[in-house]
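Note sheet for the following structure.
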Amino acid sequence: MKVSRRDLLAWSAGAAAALVATPVPWKLLDDTSIWSQNWKWIPQPSRGPMEVKHSACTLCPSGCGLRVRTAGGYLVGVAGLASHPVTGGALCPLAFAAHQLNWHPERLRTVRHRGVESSWDDARAAFVKACGEGPVIVIDGYPGRAASVVMEAFGNKRGEYRAFQGTEWKVLAPYTRWSGVPASDLGYDLENARTIVSFGAPLLDGWGIPGRFTRLWAKRSAGQNEPELRLIQIEDSLSRTATRAWRWIAVRPGTESALASGIARVLLEEKLVSTQAPLPDATVSEVALRTGLDISTIRELARMIVAQQPAMAISNNNAPSIAALNVVLGAVGERGGIVRRSRAAKSYQDAEAPISSARAVVLDASVPWSFIPKTDAEVFRFAAWNGGPTKADWLLPAPGFLEELSDVPTAPTASVETYAVAPAITQAPHTTRSCAAFLASADPSLTSAEKVIHKRCADLYRARVGALHSHQQVPVARLETDSQLEEQLWNGSVWVGEPASGESILCALKKWPADDADSPVDSHQSWSVPVMPALATKLYQESGLRESQGRIA
Amino acid sequence: MKRWLLMFSFGFVATLLAGWTAFPRVLYVKKPQPLEFRHKAHAEKSGVAECSECHALRDDGTFAGLPATEKCAGCHADKIGESQAEARLVDFYIKPGHETPWLVYAQQPANVWFSHAIHVKRAGLKCDECHGKYGESDQVKLYEVNRISGYSRDIWGHSMSRLRRAPGDGMKMSDCENCHHARHVEAGCLGCHK
């Protein structure tokens, strides 16, 4: 029988019809998809024993409790630690994907000198030479850590130590000017407040320590007509915080501080508060004109604020009139207001202050990438990730997420002192060095961060104050040795001090401060790392959990 | 019958036959295990009654997987029988202190995280509900590796159509999902994926 072209076509049609009834296409589709997951250039989690460790996040000063999963010694998952006394399991979107950060394509792997690959030996030689030729300024992003002690000692010896002032510190700066109490000693006693007046602060969009205010609001305010905690949001647009607030007061953009002056004037004129304070210059009608509100609305707002005490104002910038409103409300140094949580913190020179003379400037990896020192000195910048073009002369690869031992002192905005240790859970895959270790290599007389942590643990034990929090609470006084306390901290426990006693803070407010031009502080700047992994970036952009000032209302 | 219909039928039947019989043979490569092992004989002669006596959960709840040769050496430090497999175990693995390179039927992709402790202790699942009745087998079966994906045939299951499978035949993600769904247990993506 001769096979014709027509026969072949008929045979092929039969074969094609039958093919879909065989496992061939479906199985090949499944197998090739699995095959594509196993290409050799796709990073794979290590095989090896799975372990779960508790630690603290070191990406920003909030120090959220972490539950970290490792496989074969590498980080493969991060989740919030529900037993953490402050964050209670909440994390920002960046921390949720932080285990990917160490594998980010922009991870710094080699020393670079003005864009050209160099070596640690060359960097060290250049730094030692600079140290011999003039003063060195060391800039720290998260002061108060054990590594900061090393950096501070070096800076004080060879030039100057400066601290980068985060958003939260800037907002508290007016109280420091009036009372002399360092901003790093102050915190917000949100838990005892009953009325919170937010002047544009994104309280429900990731302000402060993740989860702290959100949980408080969910428990005491959400869905209630007469909530236990009244949140009054004063803002020009209907932000997510504004939509959830008990009251939203829409004002003209940039007039929040003027409204604060107006509210203070009503409080003082109508004697709604017992505080003695200078009267703001602007009259209520002038404030009404600026803000676009009715005079009656401003008066009603003032009465509403004091109706349920304690009341506190929270600002999104360093406008002194909003801070002065807190003085008028008697919220400074009182429960449910701005409280002094410690006496140990120091004041540091602001990193942004002009640099008169320096031979070299050293930037720790905790300093935001966007910060560029205004100087002609040689700049040594430590960073774990490359954040794009930089003016730094030396770019030095620093340990990444949980790749080095660190400690986490009290978070800004917290009302109670805390202390945690974040051990190195995974090994750095590249030749990295921390700023503190680099400085110690140039000056062997300096101590190490590990020794500082050891000493801090011994000091905490000797003070016999506070308690260790993990799945249970153990008072320090019940611990038998300092090594027991240190061991528990290394295993993820958090030391929590005594609650702020409500020690009064005397604010010398002789004259009502002038309304500065409002300069909103970008609330995400203080916590972001230079670059984020793809998943975190997506979460960050699409969830809006941390709003920036550039958002569209 | 018209000629074109005849040719169509030939093509149809030939492809069906090839798809269901020849394709699996081409797709999977059979590999022998390094040793013969008889679960049934071990259960009968040594009185091992539970899978967990050899495939144990550690104190921290993690699964130890296949027993180390140290465990085998508990009985087979020296030859106690006549079988060639035992002689090979003792001479090649136990005495030199090497681990037996077993080919693992249930090996999952590296991005999967699975807790035996949760499934066995909390959910009360029996081993054979996922692994099949290995414990009653009289010899280890050939390990069939997929040429494309590199995983064992036990992951897809022995039925190419994945219909009318015996309990424990197949360990695809959909098998996990079906079981979770049937028991109304939500795990979420990160419950299983690293």
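Counting alpha carbon pairs within less than 8 Å and at least 6 residues apart, what relative contact order, in whole percent, applies to chain B? Please report the intermediate quantities before stating the final value.
Details: 195 pairs, mean separation 51.7, N = 194.
After rounding, I find 27 percent.
Between residue A:17 and residue B:88, what is the spin-label point distance in nm, taking each point 7 Å from the Cα along the Cα→C-beta axis?
Modelled inter-label distance: 5.0 nm.
Run down the aspartates and glutamates and flag those whose C-alpha is under 19 Å from the C-alpha of residue B:40, throwing out any fewer than 8 positions away in its chain.
B:50, B:53, B:82, B:86, B:128, B:129, B:136, B:138
Quick check on the protein assembly as shown: of the DSSP beta bridges with both residues there, what percent are antiparallel, nearest 5%?
Numbers: 40 of 75 bridges.
Just about 55 percent of them are antiparallel.
Name the residue farthest towards the positive end of the dipole of the stretch A:247-364 from the options A:324, A:336, A:274, assuming +1 on Cβ of Lys and Arg, -1 on Cβ of Asp and Glu, about the Cα centre.
Value computed over the given set: A:336.
For the stretch B:44-115, with only Lys/Arg (+1) and Asp/Glu (-1) charged at the beta-carbon, what is the dipole magnitude about the Cα centre, in debye rounded to 20?
On the way: 6 positive and 11 negative charges, 33 e Å.
So the magnitude is around 160 debye.
Work from the charge dipole of the protein assembly as shown (Cβ charges, +1 for Lys and Arg, -1 for Asp and Glu, about the Cα centre) and give the residue of A:234, A:172, A:505 farthest towards its positive end.
Among A:234, A:172, A:505, the one farthest towards the positive end of the dipole of the protein assembly as shown is A:234.
Tell me, what HN-Hα J-couplings in whole Hz come from the Karplus equation 6.51 cos²θ - 1.76 cosθ + 1.60 at θ = phi - 60° for each residue of the stretch A:24-37, using x for Gly and Pro?
Per-residue couplings from phi come out as 4, x, 6, 6, 5, 4, 5, 5, 5, 5, 5, 4, 5, 7 Hz.
Which lysines have a Cα lying under 19 Å from the Cα of residue B:2, excluding residues fewer than 8 positions away in the same chain?
The reachable lysines, counting only those whose Cα sits under 19 Å from residue B:2, are A:2.
Set Lys and Arg Cβ to +1 and Asp and Glu Cβ to -1, take the dipole of the stretch A:23-181 about its Cα centre, and tell me which of A:74, A:43, A:120 lies farthest positive.
A:120
Quick check: pseudo-label points 7 Å beyond the Cα along Cα→Cβ at residue A:30 and residue B:139, how many nm apart are they?
2.8 nm
Roughly how crowded by other chains is peptide B:111-121, in terms of the mean Cβ count from those chains within 10 Å of each of its Cβ atoms?
Working: counts 6, 1, 6, 1, 1, 0, 0, 0, 0, 0, 0.
The mean count of partner-chain Cβ atoms within 10 Å per residue comes to 1.
Over the C-alpha atoms of the stretch A:294-373, what are the Rg and the largest Cα-to-Cα span, Dmax, in Å?
Using the Cα atoms of the stretch A:294-373, the pair Rg, Dmax is 19.4, 59 Å.
For peptide B:155-166, what's the mean number of Cβ atoms from other chains within 10 Å of each residue's Cβ?
What the average comes to for B:155-166 is 2.
In deg cm²/dmol, rounded to 500, what helix-only [θ] at 222 nm does chain A give when every DSSP H run of at least 4 residues adds -39500 (n - 2.57) and the total is split over its residues? Display every interim value, and only then the final one.
Working: 16 runs with 174 residues, N = 553.
Calculated at 222 nm, the ellipticity per residue is -9500 deg cm²/dmol.
Can you list the residues, at least 5 places off or on another chain, whose amide H is less than 5 Å from the amide H of residue B:157, using H built in the peptide plane?
Amide H neighbours of residue B:157, under 5 Å, 5+ apart: B:170, B:171.
Among A:487-497, B:154-164, how do they line up by average Cβ neighbours within 10 Å per residue, starting with the highest?
Numbers: A:487-497: 20.9, B:154-164: 16.1.
Order by mean packing, descending: A:487-497, B:154-164.
Report the Cα-based extents of the stretch A:204-341 along its three principal axes, largest first, to the nearest Å.
Largest first, the stretch A:204-341 extends 39, 32, 28 Å along its Cα principal axes.
Check which residues have an amide H placed less than 5 Å from residue A:413's amide H, if you skip close sequence neighbours.
A:188
Just need log10 I(q)/I(0) for chain B at q = 0.18, 0.19 Å⁻¹, Debye formula, equal scatterers on the alpha-carbon atoms, no solvent, rounded to two decimals.
So the normalised log intensities are -1.39, -1.48.
May I ask you to compute the full-extension gain from residue A:156 to residue A:228, defined as 0.36 nm times their residue separation minus their alpha-carbon distance, rounded to one decimal in nm? Before the final figure, lay out the partial values.
Details: separation 72, 0.36 × 72 = 25.92 nm, distance 4.87 nm.
Extending this stretch completely gives an extra 21.1 nm.
Give me a single rounded figure for A:25-38: the average over its residues of other chain Cβ atoms within 10 Å of their Cβ. List each step's numbers first, then the result.
On the way: counts 1, 3, 11, 3, 0, 5, 8, 2, 2, 8, 6, 2, 4, 6.
The per-residue average across the peptide is 4.
Using Cα pairs under 8 angstrom and six or more residues apart, how large is the relative contact order of the stretch A:121-241, in percent? Mind showing how you got there, number by number?
Values: 107 pairs, mean separation 22.1, N = 121.
RCO, the stretch A:121-241: 18 percent.
Which value results for Rg/Rh of the stretch A:313-441 when Rg is the Cα radius of gyration and Rh the Kirkwood radius based on the inverse mean 1/r? Walk me through the intermediate numbers first.
On the way: Rg = 18.9 Å, Rh = 18.0 Å.
Over the Cα atoms of the stretch A:313-441, Rg/Rh equals 1.05.
Between residue A:362 and residues 5 or more places away or on another chain, which pairs have amide H atoms under 5 Å apart, with H built 1.01 Å from N, and which residues are they?
Amide H neighbours of residue A:362, under 5 Å, 5+ apart: A:137, A:138, A:139, A:380.
In cubic angstrom, how much convex hull volume per residue do the alpha carbon atoms of the stretch A:1-157 span?
Roughly 266 Å³ of hull volume per residue.
Rg and Dmax of the stretch A:24-113, Cα atoms, in Å?
17.5, 56
HN-Hα J couplings of the stretch A:238-248 from phi, Karplus 6.51/-1.76/1.60, θ = phi - 60°, integer Hz, Gly and Pro as x?
7, 6, 5, 5, 4, 5, 9, 5, 5, 9, 10
Could you give the size of the charge dipole of the protein assembly as shown about its Cα centre, using +1 on the Cβ of each K and R and -1 on the Cβ of each D and E, expressed in debye and rounded to the nearest 20? List each step's numbers first, then the result.
Working: 83 positive and 76 negative charges, 433 e Å.
Roughly 2080 debye for the protein assembly as shown.
Describe numerically, in nm with one decimal, the distance between label points set 7 Å from Cα along Cα→Cβ at residue B:4 and at residue A:307.
Label-label distance for residue B:4 and residue A:307, simple model: 8.6 nm.
Write down Rg/Rh for the protein assembly as shown, rounded to two decimals, with Rg from the C-alpha atoms and Rh from the Kirkwood relation over Cα pairs.
With Rg and the Kirkwood Rh in hand, the quotient comes to 1.09.
With 19 Å as the limit, write out which pairs from A:40/B:141; B:31/B:141; A:170/A:511 have Cα-Cα distances beyond it, or answer none.
Working: A:40/B:141 30 Å; B:31/B:141 9 Å; A:170/A:511 21 Å.
Exceeds cut-off: A:40/B:141; A:170/A:511.
Taking Cα pairs under 8 Å and at least six residues apart, what relative contact order does chain A come out at, in percent?
Details: 1116 pairs, mean separation 119.0, N = 553.
Dividing the mean separation by the residue count of chain A yields 22 percent.
Step through the residues of the stretch B:82-88 one at a time and calculate ³J(HN,Hα) from phi using the Karplus curve (6.51 cos²θ - 1.76 cosθ + 1.60, θ = phi - 60°), rounding each to whole Hz and writing x for Gly and Pro.
10, 6, 5, 4, 5, 4, 5
Please report the base-10 log of the normalised intensity I(q)/I(0) for the stretch A:109-204, using a Debye sum with one equal scatterer per alpha carbon and no solvent, at each q in 0.18, 0.23 (1/Å).
Rounded to two decimals, the profile gives -0.99, -1.28.
We did not get these values from a lab; they are worked out from the coordinates using the rules stated. Just so it is clear, the model here is predicted, and its values are computed rather than measured. Because the Cβ atoms are built from the backbone with ideal geometry, glycine has one as well, and the counts that use them run over all protein chains shown.
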